[in-house]
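Visitor: Following this message is one structure expressed as structure tokens.
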Amino acid sequence: MTTPDFIRETLEDLKARHLYRRLVAVGSAAGPRVDLGGRTVLQFVSNNYLGLAGEERVREAATRAIEKWGWGAGASRLLAGHTGAHEALEADLAAFKGTEAALVFPTGYQANLGAVTALVGRGDTVVCDRENHASIYDAVRLSGAELARYPHGDASAAAELLGAQGRRKLLVTDTVFSMGGDLAPLRQLADACRACGAMLLVDEAHALGVLGPTGAGLVEALSHLAPREHTGGGAREDGPSAVGPPVYSPGAKWADAVTASVGTLSKALGGIGGFVAGSRDLVDLLVNRARPFIYTTALPAAACEAARAALAIVRAEPERRRRVLSLAERLRGALRGRGFDCGASETPIVPVIVGEPGPTLAMAAALLDRGIFCPAIRPPTVPPGTSRLRVSLTSEHTEEDVDHLVRALVDARDRKG
């Protein structure tokens, strides 16, 4: 096979700008420590926030399901791929999210593609936060709708864009932003949608299992937690409390503006798959119009049963999310006290913003020398000038792990200086 010149030229350009990426094989199950290149390292990169990816009850549920259904589904959901496991998981997810129905997709990426393309098309407008996940932007392009972007976290700008558009309007936002760990101004965005009759789609991928009294996400957290004052890091005054029992407040009419809630089974739930939760009519529409659902093989039944077991643990063991949020608070406090820029993080995602790709790669390499795996995040994943280490914590990390990371980061920075 021949390789066109532009491929080689593109790769050389990426290398010259410190933007070239390569795969690194992990030789063990997801956890706070993994095998990397024949040695055990402390890792801070997994989205396995609650430590459920290798949890025994989750593994046992998957094993039992394989014995009953085998591994592959063999067909799309609308043909022979739909099982009782899918129905049971969707009922569990709808109850968890407090909606009439839910629909499972093979990945969270496909869930966003399916939801957006079913709700809007040519002549419609989608209003997006600039730091939304790539799957959301790909979904808008696939839909053919016009894209209007607002500055990150700027609810006033979003409202202006919604007011200026005609026909059908959809606002889409992550609730927790994957590279910054910060929260969307969800109440204000919902109010803006209600004011102009726009639909609202929220992607709770990094909030599910972590935020809210039961772990249902940011919508639940903001619906039940009274506003509070925050200190430091630019945190929002309506963010969820990191630890301790929730303070309940009456009503949450703003949440009625949410048309669709997208979630994933692959982060806090430790598995694979995605879903959309909402009204029964919304789910019926997706079954009939969401091409990423219709034209793909179904998620294996074993993955559904594993997700059900993980979801049961999330609901029964709130100490897992309290612990990971407490560890994140400890890490942010230690890093900010030593002069690091952690952005506006309020979640287990704690960025250490360095700036340019080269120095960020050097810091990641220095950590690896100290037995800590935390790769550099560079453009186009983050905006130019904001390359970072994206520290991601799990409930299985210890206070000693966090303190070791802080010492290693300080050492890497000071040695570089």
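Visitor: Work out how much length GLU317 to GLU67 would gain on full extension: take 0.36 nm times their residue separation and subtract the Cα-Cα distance, in nm to one decimal.
Guide: Stretched fully, the GLU317-GLU67 segment lengthens by 87.2 nm.
Visitor: Counting only residues 5 or more places away or on other chains, whose amide H sits under 5 Å from the amide H of LEU200 once H atoms are built in the peptide plane?
Guide: Here the answer is LEU171, THR259, ALA260, since their amide H atoms fall under 5 Å of that of LEU200.
Visitor: Of the listed peptides 141-147, 181-187, 22-28, what is their order by residue-averaged count of other C-beta atoms within 10 Å, with the highest listed first? Walk me through the intermediate numbers first.
Guide: On the way: 141-147: 16.3, 181-187: 23.7, 22-28: 9.6.
Sorting 141-147, 181-187, 22-28 by mean packing, highest first, produces 181-187, 141-147, 22-28.
Visitor: Here's another thing I want to ask about it. Could you give the alpha-carbon Rg of segment 56-316 over 2.2 N^0.38 Å, rounded to two decimals?
Guide: Taking N as the residue count of segment 56-316, the ratio is 0.99.
Visitor: Quick one: of the DSSP bridges fully inside the chain, what percent are antiparallel, nearest 5?
Guide: 55
Visitor: Per the helix-only calculation at 222 nm, which mean residue ellipticity applies to the chain, given -39500 (n - 2.57) for every DSSP H run of n ≥ 4 and division by its residues, nearest 500 deg cm²/dmol? Each step should come with its number before you reach the end.
Guide: On the way: 14 runs with 170 residues, N = 417.
For the chain, the value works out to -12500 deg cm²/dmol.
Visitor: May I pose another question? What size of dipole, in debye to the nearest 20, comes out for segment 56-316 about its Cα centre when the only charges are +1 on Lys and Arg C-beta atoms and -1 on Asp and Glu C-beta atoms? Intermediate values should be presented prior to the final figure.
Guide: Working: 24 positive and 27 negative charges, 93 e Å.
Around 440 debye, computed over segment 56-316.
Visitor: Using a 7 Å offset from the Cα along the Cα-to-Cβ direction at both ASP414 and THR40, what is the distance between the two label points in nm, to one decimal?
Guide: 2.8
Visitor: Relative contact order of the chain: what whole-number percent is it, with Cα pairs under 8 angstrom and at least 6 residues apart?
Guide: Result for the chain is 22 percent.
Visitor: For segment 13-149, what is the convex hull volume of the alpha-carbon atoms per residue, in Å³?
Guide: Per residue, the Cα convex hull of segment 13-149 comes to 211 Å³.
Visitor: Let me ask you something else. Report the calculated FRET efficiency for ARG122 and TYR295 (r = Cβ-Cβ distance, R0 = 22 Å), to the nearest 0.05. Could you put the intermediate results ahead of the total?
Guide: Details: r = 20 Å, r/R0 = 0.91.
So the FRET efficiency works out to roughly 0.65.
Visitor: Evaluate the distance, in nm, between pseudo-label points positioned 7 Å from the Cα of GLU160 and of ASP403 along their respective Cα→Cβ axes.
Guide: Spacing of the two 7 Å Cα→Cβ label points: 4.9 nm.
Visitor: Run the numbers for LEU142 and ALA365: contour at 0.36 nm per residue of separation, minus the present Cα-Cα distance, in nm.
Guide: Stretched out fully, the LEU142 to ALA365 stretch lengthens by 76.5 nm.
Visitor: Across the chain, how many lysine pairs, 8 or more apart or on two chains, come within less than 29 Å at their alpha-carbon atoms?
Guide: Taking the Cα cut-off of 29 Å, the pair count is 8.
Visitor: Still on this structure, I have one more. Measuring from centroid to centroid over Cα atoms, what is the spacing of segment 377-394 and segment 123-196 in Å?
Guide: 21
Visitor: What length, rounded to one decimal in nm, is gained on full extension from ALA75 through to ASP256, with 0.36 nm per residue of separation minus their alpha-carbon distance?
Guide: On the way: separation 181, 0.36 × 181 = 65.16 nm, distance 3.57 nm.
The span from ALA75 to ASP256 would gain 61.6 nm if fully extended.
Visitor: Could you run the Debye sum over the Cα atoms of segment 254-361, one equal point scatterer each and no solvent, and tell me log10 of I(q)/I(0) at q = 0.17, 0.20, 0.21 Å⁻¹, two decimals?
Guide: Debye intensities relative to I(0), on a log10 scale: -1.01, -1.10, -1.13.
Visitor: Give me the distance in nm between label points sitting 7 Å out from Cα along the Cα-to-Cβ direction at GLU87 and LEU23, one decimal.
Guide: Going from the GLU87 label point to the LEU23 one covers 3.8 nm.
Bear in mind these aren't lab numbers, they're just calculated from the coordinates by the rules spelled out. This one's a predicted model, so the numbers in the text were calculated from it and none came from an experiment. When we count neighbours, we look across all protein chains shown, and the Cβ atoms used for this are built from the backbone with ideal geometry, even at glycine.
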